[in-house]
1. Limited to segment 161-196, what total is found for residues that are within 16 Å of Tyr129 (Cα to Cα) and either among the β-branched types (Val, Ile, Thr) or open to solvent by 60 Å² or more (accessible area, probe 1.4 Å) (or both)?
2. State whether one or more residues within segment 185-202 are touching a Lys or Arg at 6+ places or on another chain (Cβ under 9 Å), part of a loop (DSSP other than H, G, I, E, B) and within 17 Å of Asp22 (Cα to Cα).
3. Please enumerate the residues belonging to segment 83-104 that are in contact (Cβ under 8 Å) with a residue 24 or more places away in the chain and small (Gly, Ala, Ser).
4. Among all residue pairs at least 6 apart or on different chains, which show Cβ distances below 7 Å where the first residue, located in segment 42-55, is in contact (Cβ under 8 Å) with a residue 12 or more places away in the chain and under 13 Å from Met94 (Cβ atoms) and the second is of a type outside the set (Phe, Trp, Tyr) and exposed (fewer than 15 other Cβ atoms within 10 Å of the Cβ)?
5. Tell me the residue from Ser60, Ser74, Ser88 that is farther than 22 Å from Ser138 by Cα and surrounded by 14 or more Cβ atoms within 10 Å (Cβ to Cβ), please.
Amino acid sequence: MRTIIIFLAVMLAQTAAYGQADDLLDRAAQACLSIRQAVAERSADNVMLGMEKLEELPFSNLTLTDVDTGGEASLRGHLQYDTQYLDSLLLCDMDMSLIQVDGPFVLRNQKAKILYTHRAVKAQSAVTYSIRAQGRQSLVVVSENGRTLNLHVNDKANGRKLSDASPGGKELCRLDWTVEKPSTIDITIENKAQTDTSFIIISN
């Protein structure tokens, strides 16, 4: 009986943790979409509202391993969903070309429950990175305004290939699944636009 109670307690704790992570990813995705729209509309007020939503989230840096990055582009002149970058964007009167940055901004929070990073990919190209994972895994990818992407995942150890994609690409892609045994996860971002685009990857 004691073993059953302990097992149930562990399962309830895991379920609660997964629920909290899902909520944080949902909030992060919505914050990015609101900023994406605000930048497209050149609305400084709405960019600031989106920044407030980002500041409420416990983000830290997501470390990626390069697998196939021949299609990678520079982040200079492209949107990043990061409060430091957005501060600079507002100071530059919403002109991304004036922000002199080639790499991703990095935010570190010791209590972080969700991870993120920015990258850019050339027009009509794809890039692949990898992470190590086990257990419940969620990935969210949001493109910059005016561009669309597709997300493909290869969970190597578990023999699973997953995609969130459409012929014309999507502004937001999301995949949720269980990594049954420790695995290297290949993450491929496919740019469907005719121009280079930046994107954010968010992970639990």
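The values are calculated or read from the model by the stated rules, or taken from the named source; none is laboratory data. Keep in mind it's a predicted model, so treat the numbers as computed, not measured. Glycine also receives a Cβ, built like all others from the backbone with ideal geometry; neighbour counts cover every protein chain displayed. Heavy atoms of the whole protein, side chains included, go into the accessibility calculation; ligands, DNA and RNA do not. Shrake-Rupley method; radii C 1.70, N 1.55, O 1.52, S 1.80 Å.
1. 7
2. Within segment 185-202, not a single residue is touching a Lys or Arg at 6+ places or on another chain (Cβ under 9 Å), part of a loop (DSSP other than H, G, I, E, B) and within 17 Å of Asp22 (Cα to Cα).
3. Gly103, the sole residue that qualifies.
4. Going by the 7 Å Cβ cut-off, the qualifying pairs are Ala44/Leu90; Val47/Leu90.
5. Numbers: Ser60 fails: farther than 22 Å from Ser138 by Cα; Ser74 fails: surrounded by 14 or more Cβ atoms within 10 Å (Cβ to Cβ).
Matching residue, one of Ser60, Ser74, Ser88: Ser88.
Results for (1) over 12 Å from Phe199 (Cβ atoms); (2) under 16 Å from the mean Cα position of the chain (by Cα), shown as yes or no for each residue.
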position: Ala123; (1), (2): yes, no
position: Thr128; (1), (2): yes, yes
position: Gln134; (1), (2): yes, no
position: Gln137; (1), (2): yes, yes
position: Val140; (1), (2): no, yes
position: Ser143; (1), (2): no, yes
position: Leu149; (1), (2): no, yes
position: Leu162; (1), (2): yes, no
position: Ser166; (1), (2): yes, no
